[in-house]
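K.L.:
This is the structure I want to talk about, given as structure tokens.
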Amino acid sequence: MKTILVPGGAGFIGSHTVSALLAQGYHTVTLDNFSNGHRDAVVGGDIIEGDIRDAELLAKIFSDRAIDAVIHFAAFIEAGESVVDPLKFYDNNTSGSLTLIRAMTNAGVQNIVFSSTAAVYGQMEEATSLSEDMPKAPINPYGQSKWAVECMLRDTATTGALKAVALRYFNAAGADPFGKLGERHDPETHLIPLILQAASGQRDNIKMFGTDYATPDGTCVRDYSHVCDLADAHVKALSHLLALPETGSGEAAGFYDAFNLGTGTGFSVREVIESAKRVTGTNFTVVEEGRRAGDPAQLVANPAKAQKTFNWQPAYPNLDDMVAHAWQFMQKNAANT
Ligand SMILES: NC(=O)c1ccc[n+]([C@@H]2O[C@H](COP(=O)([O-])OP(=O)(O)OC[C@H]3O[C@@H](n4cnc5c(N)ncnc54)[C@H](O)[C@@H]3O)[C@@H](O)[C@H]2O)c1
């Protein structure tokens, strides 16, 4: 049985991935400092409370256990906060990842799947779907802190020390369809849970920032992926890495590649709001505000490379399914708290 270390496995996408790994017969070791994660979201495997910036702890984990691969989610994720406090993001996301990658290479652990983001692309031409080779020009420290890690992985792979895959997610959404796991960010800044908070009366209204973009209905368009589809892509990316030949002290080349994860279809803010009204059967107040600085009109993935390489096909590309699963989790979670 292969053992996978999952830093950040108690978070939103990490917890769904741990669940998917366990279902596929892997043993998981979740490493999380619980700064934003939840212990009860880790449905199995081992749990270690700790920080990826703790080099001693990492050395001990890699010497005590036969770790075959790392799937690395641990990071701070709020782009807006990263503009206000960039060093917090470079410290955790970039320096933390450096410590992790160094500990891996010291211990001879070769395989890593890294959570990257569409934020590495920065502002793109409107109405362009993004493929992996497009220019990297992050517009905030969050995106930059992730792009720096991709560069680190690419350059370390070139030495033959690593086999690495970076997965660039667009917008993660939805929840486990069985209602056990879901999104619990605090504070919440993601559109679908915010809209559902308006639908459930936890907030007075939902604000729509910008209605005059060059999009079909004037609101921003984003590519949403169901979190279970993202989890599935991680398991497939991991199998891809594990099937590659082992690298050996400079003789065999390492491996690095990056893949977009999205459905390739964009939904506008208005469409997401309409979906939430349909799914929840509620009506709620929508307030139209001006544009927010730094919001591109459209961010849609070209996911062809991941689909072809990993034979990955999203099982839940339908927006109503994503909203329904998130709604189900929100209601169940509210009933339990
Ligand atoms: N949610 C999205 O839509 C989205 C989009 C693109 C990329 N990503 C990336 O995916 C990853 C997971 O995102 P998420 O939405 O699940 O976020 P999340 O905040 O729910 O999960 C991150 C987890 O990492 C843990 N963590 C943070 N710093 C740590 C550290 N130093 N040591 C140990 N654990 C630490 C947190 O406690 C949390 O459990 C992140 O790397 C994020 O940048 C997310």
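The values are calculated or read from the model by the stated rules, or taken from the named source; none is laboratory data. Note that the structure is predicted; figures quoted are calculated from it, not measured. Ideal geometry is used to build each Cβ from the backbone, glycine not excepted, and the neighbour counts take in all protein chains shown.
K.L.:
Is it the case, given these coordinates, that Gly218 is loosely packed, with under 13 Cβ neighbours inside 10 Å and not assigned by TED's automatic domain parsing to the domain that holds Lys163?
P.N.:
no
K.L.:
Something else about it: Looking at (1) surrounded by fewer than 17 Cβ atoms within 10 Å (Cβ to Cβ); (2) within 26 Å of Phe178 (Cα to Cα), which is the only condition Glu49 fails?
P.N.:
For Glu49, the exception is condition (2).
K.L.:
Would you check which residues across region 185-210 are within 12 Å of Asp295 (Cβ to Cβ) and assigned to a loop (DSSP other than H, G, I, E, B) and list them?
P.N.:
Quick first cut of region 185-210, residues within 12 Å of Asp295 (Cβ to Cβ) only: 191, 208-210.
Gly210 - this is the single residue of region 185-210 that is within 12 Å of Asp295 (Cβ to Cβ) and assigned to a loop (DSSP other than H, G, I, E, B).
K.L.:
Continuing with the same structure: Assuming Tyr121 fulfils every condition listed in (1) within 19 Å of the chain's Cα centre (by Cα); (2) surrounded by 22 or more Cβ atoms within 10 Å (Cβ to Cβ); (3) under 24 Å from Val18 (Cβ atoms) apart from one, which condition is it?
P.N.:
Of everything listed in (1) within 19 Å of the chain's Cα centre (by Cα); (2) surrounded by 22 or more Cβ atoms within 10 Å (Cβ to Cβ); (3) under 24 Å from Val18 (Cβ atoms), Tyr121 misses just condition (3).
K.L.:
Another question about this same structure. Hey, can you tell me all the residues within region 244-263 that are modelled with pLDDT under 95 and not in a strand (DSSP E or B)?
P.N.:
Leu244, Pro245, Glu246, Thr247, Ser249, Gly250, Glu251, Ala253, Gly254
K.L.:
Another one. Any residue at all in region 193-206 that's in contact with a Gly (Cβ under 7 Å, 6 or more places away or on another chain), buried (at least 19 other Cβ atoms within 10 Å of the Cβ) and either within 23 Å of Ala233 (Cβ to Cβ) or β-branched (Val, Ile, Thr) (or both)?
P.N.:
Here is the first cut: in region 193-206, the ones in contact with a Gly (Cβ under 7 Å, 6 or more places away or on another chain) are none.
For region 193-206, residues in contact with a Gly (Cβ under 7 Å, 6 or more places away or on another chain), buried (at least 19 other Cβ atoms within 10 Å of the Cβ) and either within 23 Å of Ala233 (Cβ to Cβ) or β-branched (Val, Ile, Thr) (or both): absent.
K.L.:
Of all residues in region 34-77, count the ones that are more than 8 Å from the ligand (Cβ to nearest atom), in a loop (DSSP other than H, G, I, E, B) and touching a Phe, Trp or Tyr at 6+ places or on another chain (Cβ under 7 Å).
P.N.:
0
K.L.:
Next question, about the same structure. Starting from residues that are surrounded by fewer than 24 Cβ atoms within 10 Å (Cβ to Cβ) and of a type in the set (Val, Ile, Thr), keep the ones in region 102-116 and report whichever is farthest from the ligand (Cβ to nearest atom).
P.N.:
Per the stated criteria, the residue is Thr105.
K.L.:
Given Asp133, Asp155, which one is assigned to a loop (DSSP other than H, G, I, E, B), of a type in the set (Asp, Glu) and either out of contact with any Leu (no Cβ under 7 Å at 6 or more places or on another chain) or at pLDDT 95 or above (or both)?
P.N.:
After ruling out the rest, the residue left standing is Asp133.
K.L.:
Sticking with this structure for a sec: Test Ala324 against the stated conditions and say whether it is outside the structural domain of Gly143 (by TED's automatic domain parsing) and at pLDDT 95 or above.
P.N.:
The answer is yes for Ala324.
K.L.:
Continuing with this model, one more query. Among (1) under 19 Å from Val269 (Cα atoms); (2) modelled with pLDDT under 90, there is one condition Gly179 misses while meeting the rest; what is its number?
P.N.:
Result: Gly179 fails condition (1) only.
K.L.:
Given the criteria over 26 Å from Ala199 (Cα atoms) and surrounded by fewer than 20 Cβ atoms within 10 Å (Cβ to Cβ), does Leu242 qualify?
P.N.:
So Leu242 passes the test.
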